[in-house]
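**Student:** What follows is a single structure, and I will ask about it in a moment.
The values are calculated or read from the model by the stated rules, or taken from the named source; none is laboratory data. It should be emphasised that the depicted structure is a prediction, and the values quoted were computed from it without experimental measurement. In this analysis, Cβ positions are derived from the backbone assuming ideal geometry, glycine residues included, and neighbour counts consider all displayed protein chains. Note: areas computed on protein heavy atoms with side chains; ligands, DNA, RNA excluded. Shrake-Rupley method; radii C 1.70, N 1.55, O 1.52, S 1.80 Å.
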Amino acid sequence: AVLRYEKRTHAHPGEFAGRDIDVDQETTNDAVAAVDMLRAQAGIDPARVFVLGHSQGAMLAPRIATRSGHVAGVVMLASPARRLLDLLPEQSRYLAGLDGAISEQEKSALANLDTMIAGIRAGRPLAASEAPLGLPAAYWRSIDSIDPVADARALKLPLLLLQGGRDFQVTGADWTLWQAALGHDPRATLRFYPDVNHLGIAGTGAPTLQDYQTAGHVDARIIGDIAAWIGERK
């Protein structure tokens, strides 16, 4: 059985308009509640509930499992190993440079992003309009306090990490850090797919945002590896 649901900030955005919110209110707490709900369902083995997270959700999966205390293992697809505020400028510069040149307008936007991030990390009071993606500074500070590698290493559960080679959001730099941290850990299984993008979809060429506008399916290799790994966790 699989339970997949929309984050409450997506399903009920009006509830959060103009309010500070942290990453636990956005993601962690509901995922813990989802584990509890699944464990109470007839036909579900309460000792074999796994958390699968993608991207930010993958980064938070060890945190969710730790808070729950009732998770059998964690699957992390395209998980950052670095903090998101370190990845945002890198992603923005990659996209700006895809045409071979960074315009003055793009340079100004990149500099503004750097200023926003510096303000968040300095603890300055900032309106949402002065923070990346228009999200409250409190949200960014809550997520910037998370160390993904430390959280994963501290978790005493089986881990499956999956990464695509055509991912420009979570890159080879992150995968190298995961390999260094968990590559020799018997709890961890690492799988790399050279032709897969951030969404788990196979393709060719340099990855761009246009990839995200093209309909596709999560690669069958990823689904098969997840199913096999869970099946082996007896």
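**Student:** Here is a list: T176, T171, T189. Which entry is modelled with pLDDT of 95 or more and farther than 28 Å from Y94 by Cα?
**Tutor:** Answer to the selection: T189.
Residue by residue, here is whether (1) of a type outside the set (V, I, T); (2) open to solvent by 20 Å² or more (accessible area, probe 1.4 Å); (3) assigned to a strand (DSSP E or B); (4) modelled with pLDDT of 95 or more holds:
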position	(1), (2), (3), (4)
L126	yes, yes, no, no
V149	no, yes, no, yes
R153	yes, yes, no, yes
L157	yes, yes, no, yes
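**Student:** Another question, if that's okay. Among what's in the stretch 115-124 and is open to solvent by 60 Å² or more (accessible area, probe 1.4 Å) and not aliphatic (A, V, I, L, M), pick the residue that is modelled with the lowest pLDDT.
**Tutor:** Out of the qualifying residues, it is R124.
**Student:** Related question: Return the total of residues in the stretch 82-93 being part of a helix (DSSP H, G or I) and either farther than 16 Å from A111 by Cβ or small (G, A, S) (or both).
**Tutor:** Residues meeting the conditions: 4.
**Student:** To continue, here is another question. Right, Q169: among the polar types (S, T, N, Q), in contact (Cβ under 8 Å) with a residue 60 or more places away in the chain and assigned to a loop (DSSP other than H, G, I, E, B) or not?
**Tutor:** yes
**Student:** I've got another one for you. Do we find a residue being assigned to a strand (DSSP E or B), open to solvent by less than 60 Å² (accessible area, probe 1.4 Å) and of a type in the set (G, A, S) anywhere in the stretch 137-147?
**Tutor:** no
**Student:** I'd like the full set of residues that are open to solvent by 30 Å² or more (accessible area, probe 1.4 Å) and without any contact (Cβ under 8 Å) to a residue 40 or more places away in the chain, limited to the stretch 70-96.
**Tutor:** Selection gives H70, D86, S92, R93.
**Student:** Now, a different point. Is it the case that the stretch 59-75 has a residue that's at pLDDT 95 or above, in a strand (DSSP E or B) and under 19 Å from Q169 (Cα atoms)?
**Tutor:** Yes, the stretch 59-75 has at least one match.
**Student:** Filter the stretch 159-174 down to the residues that are closer than 13 Å to R83 by Cα and among the aliphatic types (A, V, I, L, M), then identify the one that is surrounded by the fewest Cβ atoms within 10 Å (Cβ to Cβ).
**Tutor:** If we take residues in the stretch 159-174 being closer than 13 Å to R83 by Cα and among the aliphatic types (A, V, I, L, M), then A173 is surrounded by the fewest Cβ atoms within 10 Å (Cβ to Cβ).
**Student:** When you check D45 against the structure, is it without any contact (Cβ under 8 Å) to a residue 12 or more places away in the chain, assigned to a loop (DSSP other than H, G, I, E, B), in the same structural domain as L182 (by the TED database) and farther than 17 Å from L155 by Cβ, yes or no?
**Tutor:** Against the criterion (without any contact (Cβ under 8 Å) to a residue 12 or more places away in the chain, assigned to a loop (DSSP other than H, G, I, E, B), in the same structural domain as L182 (by the TED database) and farther than 17 Å from L155 by Cβ), D45 qualifies.
**Student:** Another question, if that's okay. Consider only pairs whose beta carbons are under 7 Å apart and that are at least six residues apart or on different chains; among these, list those whose first residue lies in the stretch 125-139 and is at positive phi and whose second residue is assigned to a helix (DSSP H, G or I).
**Tutor:** G134/A128
**Student:** Here's another thing I want to ask about it. Looking at G200, G216, can you tell me which residue is part of a loop (DSSP other than H, G, I, E, B), of a type in the set (G, A, S) and free of Cβ contacts under 8 Å to residues at least 40 places away in the same chain?
**Tutor:** Testing whether each residue is part of a loop (DSSP other than H, G, I, E, B), of a type in the set (G, A, S) and free of Cβ contacts under 8 Å to residues at least 40 places away in the same chain leaves just G216.
**Student:** Give the stretch 219-234 a look and list any residue that's open to solvent by 60 Å² or more (accessible area, probe 1.4 Å), outside any helix (DSSP H, G or I) and either modelled with pLDDT of 95 or more or touching a His at 6+ places or on another chain (Cβ under 6 Å) (or both), or say none.
**Tutor:** Across the stretch 219-234, there are no qualifying residues.
**Student:** May I pose another question? Just give me the residues in the stretch 1-43 being of a type in the set (K, R) and either over 17 Å from V71 (Cα atoms) or buried (at least 16 other Cβ atoms within 10 Å of the Cβ) (or both), in sequence order.
**Tutor:** Here is the first cut: in the stretch 1-43, the ones of a type in the set (K, R) are 4, 7-8, 19, 39.
Across the stretch 1-43, the qualifying residues are K7, R8, R19, R39.
**Student:** Looking only at the stretch 175-207, count every residue that is open to solvent by 40 Å² or more (accessible area, probe 1.4 Å) and among the hydroxyl-bearing types (S, T, Y) and tell me the total.
**Tutor:** 2
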